[in-house]
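Here the structure is laid out as structure tokens; the discussion comes afterwards.
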Amino acid sequence: MRKFIAAFFINLFIVLSALIPAGAEKNNPLYIFLLIGDGMGENQYLAAQKYGLTGSIDSLPLKSYVTTHAFNNVITDSAAAATALATGEKTKDGALGLNAKGESVKNIFEAAIERGMSTGIITSMSLNHATPAGFYAHIESRTMYYEIGLQLISSNINYFGGGGLFRHEGRQGNRPNLYVLAEQAGYEIFMNGKIPDASKLKYNSRVISVNPALRSDACMPYAERRPLNGRALSDFAKEAIQILSDNKIGFLILIEGGNIDYACHDNNFNRMLYEMADFDGAVSEALNFYHTRPWDTLIIVTGDHETGGLHFDPGNNSVKWSTKYHTRANVPLFAAGANSDEFSGISGIIDNTDIAKKLFSLIESR
């Protein structure tokens, strides 16, 4: 009888162990969201919060701050910031996926693909713009849009969504169409109102899903002017999750609210608020997934730099801008989920390279 009882509990332990998702016993995240509000500093967040536009971000329990300087400048551009967030290496302004010596360095998406994770990049900018490109390209100048587009096609990232491909036939319009080349490489292209049916796509599909409405620079329209056929950032976040979440090894999804930066460059406060709300909607979709499996999902929300030198007094709602360019101000970081406490830093401050280093550790330790 004792042998029977012992055997019963041993078998029960084996069965229950099999039901625990891989990595859960170490609280290691399988599903990772990195959301970047381009140009989102502390005051951009506080202003949007004052107007009730950051409910999803507010619900993330951990908050810290991030330093953003580039290798050669106390004020970073988006390319150097994206490279730091993607690779853990500081680089010179304008460079993507290269260290300060001009050498190619591995990024977190390449690490995720090596581990068999599904991958997705979503942005309200063009897909070959600086911030998204920092997570797949290795090139000396962010302005080499066509060459960056070629690297997008060869990246093996499963899902791209949001903006389109800027200068998709080159600067002079005389090069092979990037959309055609992507299709020839195995990507399914959804554009001009064609929207993918996520239920018919598997996590190992390769998809480029473009907003039906685009500006001339292949970026999504501003949220305040979104046409009836336009889609929100949250629509693409939801779509990516539906396509990629079947992979039991996990996924890594980057979501950029890039129009926040453009609004701040223009010192357009109302437009910035609309873009912050649109970005918070994407955070909401990440949270919806997180609530289904909080033990192995990680959400990180941060900015790449502050834009505009915004001064906002929530007491009297006063608004003042000090520049139309980037500043050296630290940016906020919010996090929730598995291992999120690792992003608090000493005295609540980390460097942008620390985010990549910690994500590398979490991805490569699985």
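Here Glu147 meets each of (1) over 22 Å from Glu364 (Cα atoms); (2) buried (at least 24 other Cβ atoms within 10 Å of the Cβ) with one exception, condition (2). Of all the residues in segment 280-305, those that are in a strand (DSSP E or B) and aliphatic (A, V, I, L, M) number 4. Take the conditions (1) without any contact (Cβ under 8 Å) to a residue 60 or more places away in the chain; (2) not in a helix (DSSP H, G or I); Gly39 misses just one of them, which is (1).
Of the residues Ser245, Ser284, Ser234, the single one that is within 18 Å of Tyr51 (Cα to Cα) and hydroxyl-bearing (Ser, Thr, Tyr) is Ser284. Residue-level check: of (1) polar (S, T, N, Q); (2) surrounded by 19 or more Cβ atoms within 10 Å (Cβ to Cβ); (3) under 27 Å from Ala282 (Cα atoms); (4) out of contact with any Asp or Glu (no Cβ under 9 Å at 6 or more places or on another chain), Thr91 misses just (3).
Scan segment 61-87 for residues that are surrounded by fewer than 22 Cβ atoms within 10 Å (Cβ to Cβ) and assigned to a loop (DSSP other than H, G, I, E, B) and the total you get is 8. Exactly one residue among Glu140, Glu103, Glu114 is surrounded by fewer than 24 Cβ atoms within 10 Å (Cβ to Cβ), acidic (Asp, Glu) and within 26 Å of Cys219 (Cβ to Cβ), and that residue is Glu140.
Filtered by the rule that a residue be without any contact (Cβ under 8 Å) to a residue 40 or more places away in the chain, surrounded by fewer than 16 Cβ atoms within 10 Å (Cβ to Cβ) and out of contact with any Gly (no Cβ under 7 Å at 6 or more places or on another chain), segment 196-234 gives Asp197, Lys200, Ser216, Arg225, Pro227, Leu228. Among the candidates Phe251, Phe279, the residue that is at pLDDT 95 or above and within 15 Å of Met40 (Cβ to Cβ) is uniquely Phe279. If you go through segment 180-232 and keep only what is more than 21 Å from the chain's Cα centre (by Cα) and on the phi > 0 side of the Ramachandran plot, you end up with Gly186, Asn192, Gly193. Exactly one residue among Ile113, Ile157 is part of a loop (DSSP other than H, G, I, E, B) and closer than 25 Å to Gly37 by Cα, and that residue is Ile157. For segment 121-148, a tally of residues being polar (S, T, N, Q) and part of a strand (DSSP E or B) returns 1.
Which of the residues spanning segment 233-258 are in a loop (DSSP other than H, G, I, E, B) and either in contact with a Ser or Thr (Cβ under 9 Å, 6 or more places away or on another chain) or within 19 Å of Gly134 (Cα to Cα) (or both)? Walk me through how you get there before you give the answer.
Residues of segment 233-258 in a loop (DSSP other than H, G, I, E, B): 245-250, 258.
Correct list: Ser245, Asp246, Asn247, Ile249, Gly250, Gly258.
Residue under question is Arg293, and the condition is that it be in contact (Cβ under 8 Å) with a residue 60 or more places away in the chain, surrounded by fewer than 19 Cβ atoms within 10 Å (Cβ to Cβ), of a type in the set (D, E, K, R) and touching a Phe, Trp or Tyr at 6+ places or on another chain (Cβ under 9 Å); does it hold? Yes: the conditions hold for Arg293. Close Cβ contacts (under 6 Å, 6 or more residues apart or on different chains) running from residues in segment 178-193 that are buried (at least 18 other Cβ atoms within 10 Å of the Cβ) to residues that are assigned to a loop (DSSP other than H, G, I, E, B) and among the hydrophobic types (A, V, I, L, M, F, W, C) comprise Leu178/Leu165. Total residues in segment 202-231 satisfying the condition of being in a loop (DSSP other than H, G, I, E, B), closer than 15 Å to Leu127 by Cβ and touching a strand residue (DSSP E or B) at 6+ places or on another chain (Cβ under 8 Å): the figure is 3.
The values are calculated or read from the model by the stated rules, or taken from the named source; none is laboratory data. Everything numeric here is computed off the predicted structure, so don't read it as measured data. We place every Cβ from the backbone using ideal geometry, glycine too, and count neighbours over all the protein chains shown.
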